[in-house]
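Student: Have a look at this one before I ask anything.
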Amino acid sequence: MKLGVYTAILHDKPLREALEIIGSLGLTGAEINAGGFLPTPHLPVDDLLSGAVTAADYLANFDGTGVSIAGLNCNGNPLHPDPEVGPEDAEDLRKAIRVAGLLGVDRVVTMSGLPQAHPGGQWPAWHVNTWDSGYLDSLDYQWDEVAVPFWTEIDALARENGVKVAIEMHPQNLVFNPPTLKRLVEKVGATHVGAEMDPSHLFWQGIDPVAAIEWLGPLVFHAAAKDTRINENCKIYGVLDERFTRIPLSENPTGLGGKHVVNKWPEDSAWDFVAVGRGHDVGFWARFLQALEKVDPNMWVNIEHEDVEFGPIEGLQVAAENLKSANSALVH
């Protein structure tokens, strides 16, 4: 499999230095942020779209590094009802697809988004375990009146630009597991929308990522390598651990668009994101890569580093060594 890094963890480095770091890890791909929640220091989106920077000029940054573009990333909430968030994230996704087409990149990663519960609502509403019929009424609105029209547009734009959009199955989104991913594709009749297989969010839901790959089959377009450790506290707090607290604005919490910022993770958490191999052993990761290879042997699998126990470079080193060991263990 082709292995790379999602470069958000290296946003403090110039692009060329980030690429050299990736190459030094024995990896060959860089997934570049193109908008959404995070800034785009490694990709001049507007300049490329306007022609102020040509595709050839930008791609010259990769010359001699042994690293190529392994997809663009535009994670955000394009269906958010806050007018300072949803429209901007939606436009970022449109731009990312167009820029990908200009650069000859055929994968854009994003999230499905999450709308309000009903017309006129002001906050996204995530409905799970929908035992009350009112929740199903709300889901009908969220899917049929908000998500399907938007994603029909995005599927057409992706097709026009020769791009496939890979949705990360993420909590607080309409698409958060394999059945909801397949539901979106079927409702839209999509040809260019599928899954980004990030196992980290599946682990804490109790989903087997290998079984999920086999179930989704060719709908898996792209993959991330991020691990999750289930902690002893999960026996008490469960996987739906809501004990997050506010980070003072004086500490500059990561912004999520408009006035929204990231909250502080529970200190005695039920589960944590960890570097590849620290939640599940190399044997699991070999099975994960093997399942992806059966879908598409040319698929990119990019490390996403969110293990707070390691610094950026150290965490990438741990993940890269374990992922490369898993890749070497593949049986052909």
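The values are calculated or read from the model by the stated rules, or taken from the named source; none is laboratory data. Fair warning: this is a prediction, and the values are worked out from it, not measured in the lab. Cβ atoms come from the backbone with ideal geometry, glycine included; neighbour counts cover every protein chain shown.
Student: I'd like the full set of residues that are outside any helix (DSSP H, G or I) and of a type outside the set (A, V, I, L, M), limited to the range 280-302.
Tutor: Passing the criteria: His280, Asp281, Asp296, Pro297, Asn298, Trp300, Asn302.
Student: Being of a type outside the set (Ser, Thr, Tyr) and over 21 Å from Glu168 (Cβ atoms) is the filter here, so list the residues in the range 57-75 that pass it.
Tutor: Asp57, Leu59, Ala60, Asn61, Phe62, Asp63, Gly64, Gly66, Val67
Student: For Thr40, state whether it is out of contact with any strand residue (DSSP E or B) (no Cβ under 7 Å at 6 or more places or on another chain), surrounded by 14 or more Cβ atoms within 10 Å (Cβ to Cβ) and either assigned to a loop (DSSP other than H, G, I, E, B) or not acidic (Asp, Glu) (or both).
Tutor: no
Student: Let me ask something else. For Val262, only one of the following conditions fails: (1) over 30 Å from Arg98 (Cα atoms); (2) without any contact (Cβ under 8 Å) to a residue 40 or more places away in the chain. What is its number?
Tutor: Evaluating Val262 over (1) over 30 Å from Arg98 (Cα atoms); (2) without any contact (Cβ under 8 Å) to a residue 40 or more places away in the chain leaves (1) as the failure.
Student: Given the criterion of a type in the set (D, E, K, R), touching a residue at least 12 places away in the same chain (Cβ under 8 Å) and surrounded by fewer than 14 Cβ atoms within 10 Å (Cβ to Cβ), identify the matching residue among Glu88, Glu84.
Tutor: Going through Glu88, Glu84 in turn, the sole match is Glu84.
Student: Within the range 43-57, which residues are crowded, with 17+ Cβ neighbours inside 10 Å and part of a helix (DSSP H, G or I)?
Tutor: Val45, Leu48
Student: I've got another one for you. Looking at (1) in contact with a Pro (Cβ under 9 Å, 6 or more places away or on another chain); (2) surrounded by 18 or more Cβ atoms within 10 Å (Cβ to Cβ); (3) modelled with pLDDT under 95, which is the one condition that is false for Gly258?
Tutor: The single condition Gly258 does not satisfy is (2).
Student: Looking at (1) crowded, with 20+ Cβ neighbours inside 10 Å; (2) among the β-branched types (Val, Ile, Thr); (3) in contact with a Leu (Cβ under 7 Å, 6 or more places away or on another chain), which one does Thr180 not meet, given that it meets all the others?
Tutor: Unmet condition: (1).
Student: Just checking, does the range 265-274 include any residue being in a helix (DSSP H, G or I) and within 13 Å of Pro199 (Cβ to Cβ)?
Tutor: No: the range 265-274 contains no residue that is in a helix (DSSP H, G or I) and within 13 Å of Pro199 (Cβ to Cβ).
Student: Test Gly277 against the criterion of being at pLDDT 95 or above, of a type in the set (Gly, Ala, Ser) and assigned to a loop (DSSP other than H, G, I, E, B), and give yes or no.
Tutor: Yes.
Student: Still on this model: For the range 13-37: of the residues being without any contact (Cβ under 8 Å) to a residue 60 or more places away in the chain and part of a loop (DSSP other than H, G, I, E, B), which is nearest to Leu289 (Cα to Cα)?
Tutor: Among residues in the range 13-37 that are without any contact (Cβ under 8 Å) to a residue 60 or more places away in the chain and part of a loop (DSSP other than H, G, I, E, B), the one nearest to Leu289 (Cα to Cα) is Thr28.
Student: Go through (1) within 18 Å of the chain's Cα centre (by Cα); (2) aliphatic (A, V, I, L, M); (3) surrounded by fewer than 23 Cβ atoms within 10 Å (Cβ to Cβ) and name the single condition Ala60 misses.
Tutor: Of everything listed in (1) within 18 Å of the chain's Cα centre (by Cα); (2) aliphatic (A, V, I, L, M); (3) surrounded by fewer than 23 Cβ atoms within 10 Å (Cβ to Cβ), Ala60 misses just condition (1).
Student: Among the residues of the range 236-277, which ones are in contact with a helix residue (DSSP H, G or I) (Cβ under 8 Å, 6 or more places away or on another chain), over 23 Å from Leu316 (Cα atoms) and among the aliphatic types (A, V, I, L, M)?
Tutor: Selection gives Val261, Ala270.
The rows are residues; the columns are (1) in contact with a Pro (Cβ under 8 Å, 6 or more places away or on another chain); (2) closer than 20 Å to Pro44 by Cβ.
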residue: Pro81; (1), (2): yes, no
residue: Ala100; (1), (2): no, yes
residue: Val108; (1), (2): no, yes
residue: Asp132; (1), (2): no, no
